[in-house]
Amino acid sequence: MDFRASALDIEELVTAFAVAEGTELEQMKDLWRIRNFSFIWEARPKDVTAAFYAQALFSCALSHMVAEEVSICWNLGGLYVLYILYETQDKEDSYKIYLSLEELESLVNLVRKIKLKGNLVAFKVVKRMFAEQMFLFGSVSANQKRIASCMAKVAHQAALSVQQARSRLLSHVPVREHLEGQLVKDLKLDELTQLRNEYAVTKRQALCLSGNSSESRGDTFDDDSNVVSEVVKEAQSLDHHKSQMLRSALESRKKRSLSTNPKKPASVKQIQVSKGGKRTIDDFERELVEQVGDATSEHERELEEELNRALDLD
C-alpha cells in the first residue's frame with residue numbers, strides 16, 4: 001500500500017517547522033491550522049483499515065522524531081506532529097502509537113537533549129504522552145525504511161555466506177569435479193540396474209519353481225527393469241549434456257583468447273639443446289613435460305574462471 005502522499009505531507013510540515021527554527025508546540029499548532037492538516041485523516045484509502053492507516057501516519061511522524069544527524073528543531077517537529085496526530089484522531093476509534101524498543105531508546109535520547117536545551121513545553125508533551133498511555137510498546141520496528149534496511153542487510157549477509165561457501169568449495173575441490181558429470185557414478189546408479197536385473201531373474205525363477213509363473217508377471221518384471229534402465233540413462237545423458245555445455249563454453253573462450261592473443265615466441269627455457277647442438281631423447285622428454293605441465297595449469301585456470309563466471313552472484 002502506498003502512503004507516500006501522506007508521508008510527503010508530514011515531511012513538508014516538519015520541514016516548515018524546522019526552517020522556522022521552531023521549538024514550541026504553539027508554533028506547530030499554527031502551521032497545522034494554516035494547512036488544515038487535520039484533513040489528513042480523511043485521506044485514508046477505502047481499502048485500508050483505520051488502524052493500519054493510523055499506524056502508518058504515526059510511523060511517518062516517528063521517523064522524523066528519531067531521525068539522526070538532523071537539528072533538534074526537526075526532531076521536535078516530528079514529536080509535535082505525532083502528538084497532534086494522536087489528539088486529532090477520532091475518539092471513538094482511537095489507536096495507540098506503536099513504539100519499538102529501538103524507537104523508545106531514541107525518544108529517551110531526545111528527552112535528554114530537551115532537558116539540556118531547557119525546553120519545558122516539549123518535556124511536558126512527552127510526559128503527558130506517557131501519562132495518558134499513548135504508546136503501545138513492541139520489540140519490532142514498524143518503520144518502512146528500517147524494515148527495508150534490515151531486509152537489505154539480511155540479503156547481503158546471505159549473498160556473502162554463499163560467496164564464502166563457494167570460495168571454500170573451489171579451494172578444496174578440484175575444478176574438474178565441477179565440470180565432469182559424475183552423478184550416476186557417485187550414486188552408483190549403474191549398480192542399481194544390474195541389481196534390479198538380478199532381482200528380476202531370481203524372482204522369476206522362484207515363481208517358476210512354485211508354479212505361479214505367468215507371462216503377465218514376466219512382462220511386469222521387464223517393464224520395471226526398463227523403467228530403471230531409462231532413469232539411469234536419463235541421468236547419464238543429463239550429466240553428459242551439462243558437461244558438454246561447460247566444455248563448449250570453455251572451448252569458445254579458448255578460441256577467443258587465441259584469436260586476441262598471438263602466440264609468443266618460445267623462450268630459452270622451453271627449448272633446451274644438448275651440448276653437441278642436437279636434441280637428445282632426454283631433451284624432448286623434458287620439453288614435453290614442461291609443455292604439458294604449462295598447458296594443464298593454464299587449462300585449470302581457464303576452467304576455474306569459467307566456473308566463477310557461471311556461479312557469479314552479481
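Readers should treat all values here as calculations from the given coordinates under stated rules, not as data from a laboratory. Since this is a predicted model, take the numbers as computed values, not measurements. Here the Cβ is made from the backbone with ideal geometry for all residues, glycine too, and neighbour counts use every protein chain on show.
Which of R196, R128 has the fewest other C-beta atoms within 10 Å, and how do the rest follow up to the most?
Fewest-to-most ranking of R196, R128: R128, R196.
Starting with the fewest neighbours, write out T88, T23 ranked by other beta-carbon atoms found within 10 Å of each beta-carbon.
Ascending Cβ contact count within 10 Å gives the list T88, T23.
Tell me the label-point distance for the pair A67, K117, using the 7 Å Cα-to-Cβ offset, in nm and rounded to one decimal.
For A67 paired with K117, the spin-label model returns 1.3 nm.
If you take the square roots of the eigenvalues of the alpha-carbon gyration tensor of the stretch 4-141 and sort them as a ≥ b ≥ c, do you get rounded (a/c under 1.5), prolate (a/b over b/c) or oblate?
It comes out oblate by the Cα gyration axes.
Would you pull out the residues with amide H under 5 Å of G138's amide H, same chain only if 5 or more places away, H placed 1.01 Å from N?
It is L99, S100, L101, by chain and number.
Taking θ as phi - 60°, what are the ³J(HN,Hα) couplings along the stretch 103-110 by the Karplus curve (6.51, -1.76, 1.60), each to the nearest whole Hz, with x for Gly and Pro?
For the stretch 103-110, the Karplus curve yields 5, 5, 5, 5, 5, 4, 5, 5 Hz.
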